[in-house]
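Read the structure below first, then the notes.
Quick note: the coordinates plus some simple rules give every number you see, no bench work behind them. This one's a predicted model, so the numbers in the text were calculated from it and none came from an experiment. So basically every Cβ, Gly included, is an ideal-geometry build from the backbone, and we count neighbours across all protein chains shown.
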There are 2 protein chains.
Amino acid sequence: MTARRRPTDAELAILRVLWAQGPSTVREVAEEMGRANAYTTVLKLLQIMAGKGLVRRDESARTHVYRAARSERATQRQLVRDLADRAFGGSAARLVLQALAAKKASPEELAEIREWLAEQEGKREGAR
Amino acid sequence: MTARRRPTDAELAILRVLWAQGPSTVREVAEEMGRANAYTTVLKLLQIMAGKGLVRRDESARTHVYRAARSERATQRQLVRDLADRAFGGSAARLVLQALAAKKASPEELAEIREWLAEQEGKREGAR
DNA sequence: ACATTTCTACGAATTCCTTCGTATAGTCAT
DNA sequence: ATGACTATACGAAGGAATTCGTAGAAATGT
């Protein structure tokens, strides 16, 4: 029954640091987040997140080291799926169209998307 | 300072009903949401949402009528933008790629996306 | 007129999120 | 060993979200 809860805003901010920097101590995370929060706030958050299973921690040394439990990609997917369900009637495609309209993408990114679509097309053709 | 806050889960559920049904009374909303919540819960939520400016209400009759303050589309865009900022480094395109991977889209939807991309291509060409 | 139903308003309980202060213990240099 | 520093743990405060009960006004039915 792991009722998978989505990370909160503060949790996501911490996860971003962990994904970018890899396993980190509380101090490293706090410092990267630039004095926005007190050290103990980051500590508490990480403790809570460990309790929720969002991060794992290595306690073998006195200074514990935290790392994200799930990959950035997996988490992103979960978040996208969640948003699609909550606001787009479950349709990722409609989410995609709004996303394309909401923010301009660079030509490189558009090319990447085209590539993906072409791949899909290839698969469907091949399946016949 | 309209610090635009994103609607919560419960609020979004109500907005979905309002978007689908158009202006509705508390009872109509509550009924559509299928006994999941007590009548007064829906009422309270709508009152709070009115305070936040998420819905407008017509009090001219005894039974008030609520309607969504912003369109479904505008809200979806806001949510997508918000998610892109929080979890995709602000890149809507990366969000799109995850969205495409996360849920299967129907051929019709894929066609729609291709169409949009083609449109963009046309615009860029035309701008030279 | 009186009882029933249907509203809105409001208060209150619960839970979660976020924040930080304080307590306590380990480490390290002098 | 004493003092300065750094670490974790814990408690607690404040705010937001969610839930629903109860009170009282307005409408409706008999």
- Message: If the reach is capped at under 30 angstrom between alpha carbons, list the lysines near A:Lys44, excluding any in the same chain fewer than eight residues apart.
- Response: A:Lys52
- Note on the structure: For the stretch B:1-109, the Debye formula with one identical point scatterer on each Cα and no solvent gives log10 I(q)/I(0) at q = 0.09, 0.10, 0.12, 0.21 Å⁻¹ as -0.30, -0.37, -0.52, -1.09
- From the label point of A:Glu121, set 7 Å along Cα to the beta carbon, how far off in nm is each other copy's matching point, shortest first? 0.7
- Message: Can you give me the distance in nm between label points at A:Ala50 and B:Glu31, each placed 7 Å from the Cα along the Cα-to-Cβ direction?
- Response: 5.3
- Note on the structure: Expected max-MSF residue from A:Leu83, A:Leu43, A:Leu117 in the GNM of chain A (alpha carbon, under 10 Å) is A:Leu117
- Item | Relative contact order (percent, whole number), chain B, Cα cutoff 8 Å, 6+ residue spacing | 19
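Around A:Arg67, with a cut-off of 11 angstrom between Cβ atoms, what is the net charge of the other residues, counting Lys and Arg +1 and Asp and Glu -1?
Working: positive: A:Arg56, A:Arg57, A:Arg70; negative: A:Asp58.
Charge balance in the 11 Å sphere: +2.
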- Query: Cα axis of helix B:72-87 to longest principal axis of chain B: angle in degrees, 0 to 90, nearest 10?
  - Reply: 60
- Note on the structure: homo-copy label distances at B:Lys44 (7 angstrom along Cα-Cβ), nm, one dp, ascending, are 2.5
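Under 8 Å for C-alpha pairs, at least 6 residues apart: give me the relative contact order for the stretch A:36-102, rounded to a whole percent. Walk me through the numbers before you get to the answer.
Values: 36 pairs, mean separation 10.1, N = 67.
With pairs under 8 Å counted, the relative contact order is 15 percent.
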- Can you give me the three principal axis dimensions of the stretch A:61-100 from its C-alpha atoms, in Å, biggest first? 48, 18, 11
- Message: Using only Cα atoms and rounding to the nearest 10 degrees, what angle (0 to 90) does helix B:92-102 make with the longest principal axis of chain B?
- Response: 80
- Query: From the label point of A:Ala20, set 7 Å from Cα along Cα→Cβ, how far away are the matching label points in the other copies, in nm, ordered shortest to longest?
  - Reply: 4.0
- Build a GNM of chain B with springs between Cα atoms under 10 Å: which of B:Arg81, B:Arg57, B:Arg114 gets the top mean-square fluctuation? B:Arg114
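Add -39500 (n - 2.57) for each DSSP H run of 4 or more in chain B, then divide by its residues: what number comes out at 222 nm, to the nearest 500 deg cm²/dmol? The partial results should precede the final answer.
Values: 6 runs with 81 residues, N = 128.
After summing the helix terms and dividing by the residues of chain B, the value is -20000 deg cm²/dmol.
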- The answer for the per residue Cα convex hull volume of the protein assembly as shown, in Å³, is 210
- Which lysines have a Cα lying under 19 Å from the Cα of A:Lys123, excluding residues fewer than 8 positions away in the same chain? B:Lys103, B:Lys104
